[in-house]
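Chemist: Mind looking over this structure? Questions follow.
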Ligand code: 0WK
Ligand code: BGC
Ligand code: BGC
């Protein structure tokens, strides 16, 4: 292939010492011809250089890092798999831009049965030049009219038509049906389209024309359509190559290598857009003056330089420029040039292909040149064919170098020594030009010898491939609709949240008046928050959350010091007998005392008991009902302080003096109140959920006194147990409630707290799997297992720092066979469930702070809320969503949320300390 270096004669310049001006001497003319044709010779080294430089440009673009030299674009197409062969349905396909100023409409039927093909119906429409260069609206209205003309002509019934839009220009895609045009190529230059979403422009045009209701579900680059139209055969077709008016290729890249996609598994199709490749270093040496002249006169000078050396829109023009050059230098047509020969675009691709045809070429040359107003000699005709061959061979070789770059990329990203791959090809240059294809294949073999490549000409120009992608997009769109329908009830409006706030206020008022209400509004006998004068050592118990803790709390001048130990409450104890449970509690206390060297010391004990208790005093609390998976027998209706004391007696742990029993919300409020005296509300969002706040004593029926305050344990977990939340309850909430150990109870809690969110998500995932939206409809044993989807997974999956791949890792550990789309859907389900929980919780807090503000007749209230609970603390967005909802629903309250550091054990100790201080004052 190596050829001699060119001699460098300039246009119109004769060889030095040439005797007479005008006709060149035979030796000179052949030299000029030789020199001219030589310019189109590309050496193997140059091709390898182009291959290497294009590969660099591809890998640079994949990293998303901008590069100085205009290079290839590597645009994601959101096509993540080659055809499965089971795609089925009838689809309309609109092809725009694949082959010059024409568009094609097809009706494609996919049978879903491998090898069973239905011939697509199609119709081509020529796009008038004034439309190609007009406004975007003109172009898309023209496309819509052609569409309707085709549908009328083929009497397609107007229902649920799904359309795949093959749009063969460089686009930034952000989804299968969202694509923004980067820049026009190939002679198109409609205004008002670059930077716009071309799917929306087509939808608007279809709307404007109005005759048919067509859903545009996918936009596809023509290279992708060509690749996807390949029948799944022995070798996967993983490259799509187009050489028509323009040229481009796509291929299946490892998703993890496409930086913009944040994906790590599977493959995704990337449109290379190699037409814009123009690395001076690599292309400079092969670009000729004819290329520069062509580019200069083109609609987009400086752009698509590589395409202008290969694409069918330009091959004829290059030939024309060379012929005009040779004619002007009197080595062709006797130096005669016609206006047609000098007119841009007068020689078309078809002309070049015909003139090169080995059998009919010579005759065609004469006919074509005569049409151009020329009367060629035989030698002229032979030289014209040599020019065509030079221009087209170079084009085929350059195309091969680019394709070889893709093959090297595939080899590299697949870490394969020998790459076996099939390349689907399409486009009139490949289909019509007699030698382009063979030169391409030979040169690829030369440049990518370690690749075993088979070329598969596309049979219908990619129409079927576009329909395949449309089928996938239609399936995904249907899944999206089903997902939206499933999650819609979880998307609460401001009105719905305000209604929850109002209902909670009404239930609070009724509960305080001891009328029937789902909010028991239990007096806690805590009348004051700490004032900082508390002192002493206290034992504290913290039962009811994720962990049971025994604490030693020292309240001193310098603050509070805590030593604590976590003990497990086995399910069999939590759901055994009350005696067992309280004996277990005392065992833990005695173990703690042992370890802390407290045996024999009688310390006042504060008991955080996080269940609904009707308190008759600070140290008397009748358990109303268990919640959160506890169900120890013989406790409900009992005074739990008494039960504890009985257990202490049984265990002869005489030194224990139970002074106070507090709810964890109260303990949390007190614990935070010790740091911030404005803290007048306690909130727990953990295994369960609940809130307490300082209410005006005068508003608390059944408790003596009408001045001062008392902390009220709202037990808001039970809000809605009277059915008042029915309008918000979804079938998934009902399912979770039905299988819980306390059906019909704690309905508000079951929509918010950690014990239940994972189960709600699991039921939604089961539902979506049954609809085929998830896991390809495969129900897995694992997902049918209760409590397998822990609420902590929501916090992990929704964390911003987690890429989709980690979401998938969590789910794979659950043994769920999932795709990246599945992981995205699971993420959305988690977000919808946790968002609703946080908003409902926010509506509850808004109700309480507004109550406090109105209690005090204040225009504005500044208040702090002490918060604890794993869900609130660990979930990445829960706290901010609660705060945002409170700001929305209680704008006249400045609410600060204080995360309790030491839990409510400290609070229980402080309540005990206050009780001890008040008791001492009473004895003074
Ligand atoms: C820590 C508190 C405890 C409360 C728990 C709630 O010290 O009283 O019950 O938070 O959160 P959970 O452990 O249920 O997530
Ligand atoms: C466009 C590509 C297209 C190619 C072949 C180029 O001009 O930029 O998107 O694939 O032509 O039609
Ligand atoms: C209990 C409350 C407790 C809350 C948070 C609920 O199930 O009924 O008493 O405050 O959980 O732990």
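Chemist: Roughly how large, in nm² to one decimal, is the mean projection of the convex hull of the alpha-carbon atoms in the range 727-793?
Modeler: For the range 727-793, the mean projected area of the Cα convex hull comes to 4.7 nm².
Chemist: Return, for the Cα atoms of the range 242-379, the radius of gyration and Dmax in Å, separated by a comma.
Modeler: For the range 242-379, the Cα radius of gyration and maximum Cα-Cα distance read 19.4, 64 Å.
Chemist: At residue 292 and residue 800, where each label point lies 7 Å from the Cα along Cα→Cβ, what is the point-to-point distance in nanometres?
Modeler: Computed distance between label sites residue 292 and residue 800 equals 5.1 nm.
Chemist: Give me the mean projected area, in nm² to one decimal, of the convex hull enclosing the Cα positions of the range 578-701.
Modeler: So the mean shadow area of the Cα hull is 8.9 nm².
Chemist: If I model a spin label at residue 81 and residue 145 as a point 7 Å from the Cα along the Cα→Cβ vector, what separation in nanometres do I get?
Modeler: 4.2 nm
Chemist: Helix 378-414: angle to the longest alpha-carbon principal axis of the chain, degrees 0 to 90, nearest 10?
Modeler: Around 20 degrees separate the two axes.
Chemist: Where q = 0.16 Å⁻¹, what log10 of I(q)/I(0) comes from the Debye formula for the range 82-188, counting one point per Cα?
Modeler: The calculated log intensity ratios at q = 0.16 Å⁻¹ are -0.82.
Chemist: What is the ratio of the Cα radius of gyration of the range 125-220 to 2.2 N^0.38 Å, where N is its residue count, to two decimals?
Modeler: 1.05
Chemist: Computed over the Cα atoms of the range 649-734, what is the convex hull's projected area averaged over all directions, in nm²?
Modeler: 10.0 nm²
Chemist: For the range 561-626 and the range 244-316, what is the separation of their Cα centres, given in Å?
Modeler: Result: 73 Å between the Cα centres.
Chemist: Provide the percentage of antiparallel DSSP beta bridges, counting only those with both residues in the chain; round to the nearest 5.
Modeler: Roughly 60 percent of the beta bridges in the chain run antiparallel, per DSSP.
Chemist: Where the centre of each part is set by its Cα atoms, how far does the range 904-924 sit from the range 709-730, in angstrom?
Modeler: Comparing the Cα centres of the range 904-924 and the range 709-730, I get a distance of 30 Å.
Chemist: What order do you get for 691-702, 293-304 when each peptide is scored by the mean count of other beta carbon atoms within 10 Å, highest first?
Modeler: Averaged packing, sorted descending, gives the order 691-702, 293-304.
Chemist: Indicate, rounded to the nearest 5 percent, the antiparallel portion of the DSSP beta bridges found entirely in the range 64-173.
Modeler: Counting only bridges with both partners in the range 64-173, antiparallel ones make up about 75 percent.
Chemist: Which length gain, in nm to one decimal place, applies between residue 153 and residue 336 when the Cα-Cα distance is subtracted from 0.36 nm times their residue separation?
Modeler: Computed gain between residue 153 and residue 336 is 60.9 nm.
Chemist: Viscosity 1.002 mPa s, temperature 20 °C: what is the translational diffusion coefficient of the range 510-566 from Stokes-Einstein with a Kirkwood Rh over Cα pairs, rounded to a whole number of µm²/s?
Modeler: Translational diffusion coefficient: 150 µm²/s.
Chemist: Sticking with this one: Hey, if you drop one equal point scatterer on each alpha-carbon of the range 769-924 and run the Debye formula without solvent, what base-10 log of I(q)/I(0) do you get at q = 0.16 Å⁻¹?
Modeler: Listed by q, the Debye log ratios stand at -0.96.
Chemist: For the peptides 402-410, 180-188, 340-348, 571-579, what is the packing order when you average, over each peptide's residues, the other Cβ atoms within 10 Å and list the highest mean first?
Modeler: 402-410, 180-188, 340-348, 571-579
Chemist: On to the next question. Treating the angle as unsigned and between 0 and 90°, give the value, to the nearest 10°, between the Cα long axis of helix 312-328 and the longest Cα principal axis of the chain.
Modeler: With both axes taken from Cα atoms, the answer is about 30 degrees.
Chemist: I'd like the distance between the alpha-carbon centres of the range 98-168 and the range 406-480, rounded to an integer number of Å.
Modeler: 23 Å
Chemist: Find the relative contact order for the range 430-531 and round it to a whole percent, using C-alpha pairs within less than 8 Å whose residues are 6+ positions apart.
Modeler: This gives 8 percent for the range 430-531.
Chemist: If you don't mind, another one. Kirkwood Rh over Cα pairs of the chain into Stokes-Einstein at 4 °C, 1.567 mPa s: D in µm²/s?
Modeler: 39 µm²/s
Chemist: Let me ask something else about it. Looking at the range 769-833, what % of the alpha carbon pairs are farther apart than 14 Å?
Modeler: 55 percent
Chemist: May I pose another question? Could you tell me the relative contact order of the chain? Use alpha-carbon pairs under 8 Å, at least six residues apart, and round to a whole percent.
Modeler: Here the relative contact order equals 11 percent.
Chemist: Relative to the longest principal axis of the chain, what angle (0 to 90°, nearest 10) does the C-alpha long axis of helix 463-487 take?
Modeler: The answer is roughly 10 degrees.
Chemist: At a Förster distance of 25 Å, what's the computed FRET efficiency of residue 596 paired with residue 899, Cβ-Cβ distance as r, to 0.05?
Modeler: That pair, residue 596 with residue 899, gives E of 0.40.
Chemist: If you don't mind, there's one more thing I want to ask. Kindly state, to the nearest 0.05, the FRET efficiency for residue 371 paired with residue 431, given R0 = 25 Å and r defined as their beta-carbon distance.
Modeler: 0.65
Chemist: Once you have the Cα-Cα distance between residue 568 and residue 454, take 0.36 nm times their residue separation minus that, and quote the gain in nm to one decimal.
Modeler: Between residue 568 and residue 454, full extension yields an extra 34.5 nm.
Chemist: Now, a different point. Taking only DSSP H segments of four or more residues, each worth -39500 (n - 2.57), what value at 222 nm results for the chain once the sum is divided by all its residues, to the nearest 500 deg cm²/dmol?
Modeler: So the helix-based figure for the chain works out to -13000 deg cm²/dmol.
Chemist: Here's another thing I want to ask about it. Would you mind ranking 661, 113 so that the residue whose beta carbon has the fewest other beta carbons within 10 Å leads the list?
Modeler: Sorted ascending by nearby Cβ count, the order is 113, 661.
Chemist: If you rank 152, 737 by fewest surrounding Cβ atoms within 10 Å, what's the result?
Modeler: Neighbour counts put them in this order, fewest first: 152, 737.
Chemist: Further question: Translational diffusion coefficient of the range 406-470 at 20 °C, 1.002 mPa s, Stokes-Einstein with Kirkwood Rh over Cα pairs, in µm²/s as a whole number.
Modeler: 162 µm²/s
Chemist: Further, regarding this structure: Percent of Cα-Cα pairs per 10 Å bin, from 0 to the last occupied bin, for the range 687-747, please list those.
Modeler: Taking every Cα pair in the range 687-747, the percentages come to 20, 36, 24, 17, 3.
Chemist: Can you give the extra length, in nm with one decimal, that the chain gains between residue 495 and residue 855 once fully stretched, where that is 0.36 nm per residue apart less the Cα-Cα distance?
Modeler: Value of the extension gain: 127.2 nm.
Chemist: Taking 7 Å along the Cα-to-C-beta vector as the label spot, tell me the residue 259-residue 537 distance in nanometres, rounded to one decimal.
Modeler: My value for the distance between the label points is 6.1 nm.
Chemist: Which of 529, 546 has the fewest other C-beta atoms within 10 Å, and how do the rest follow up to the most?
Modeler: Ranked by crowding around the Cβ, least crowded first: 546, 529.
Where a number appears in this text, it was derived from the coordinates with a stated rule and is not lab data. Because the structure is predicted, anything quoted here is derived from the model rather than measured. Ideal geometry is used to build each Cβ from the backbone, glycine not excepted, and the neighbour counts take in all protein chains shown.
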